[in-house]
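Throughout, read-outs are computed from the coordinates displayed, never taken from laboratory work. As the structure is a prediction and not an experimental result, all values here were calculated from the model. Quick reminder, even Gly has a Cβ in these numbers, built from the backbone with ideal geometry, and neighbours come from all protein chains shown.
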Amino acid sequence: MRFAEFQRALAVAATVSCVAKSFISKVDSFLKCKVADIALVCVCTGEIMIMHANLLKL
C-alpha cells in the first residue's frame, strides 16, 4: 500500500516537473522574442531620430 502511494506521488511530481519545464521554456522563448522585438524597435527609432536630426541640419 505504502509503495503504491509513493509511486503515485513520484508520478505526480514527475508530471508537475515536466509541465513546469515546458511552461518555463515557452516563457523563455516568448521573452527572447519580445526582447528581440524591443531591440529592433529601439534600433529603428534610433535610426529615424538620426535621420530626423540630419534633416534638421540641412
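Starting with the fewest neighbours, write out 32, 57 ranked by other beta-carbon atoms found within 10 Å of each beta-carbon.
Working: 32 10, 57 6.
Neighbour counts put them in this order, fewest first: 57, 32.
Hey, with R₀ at 25 Å, roughly what FRET efficiency would residue 5 and residue 28 work out to, going by the Cβ-Cβ distance, to 0.05? After rounding to 0.05, the efficiency reads 0.15. Its alpha carbons considered, the chain gives a radius of gyration followed by a Dmax of 25.0, 85 Å. Rounded to the nearest 10 degrees, the inclination of helix 2-57 to the longest alpha-carbon principal axis of the chain is 0 degrees. Listed by chain and number, the aspartates and glutamates whose alpha-carbon sits under 20 Å from that of residue 26, ignoring those within fewer than 8 places in the same chain, are 37.
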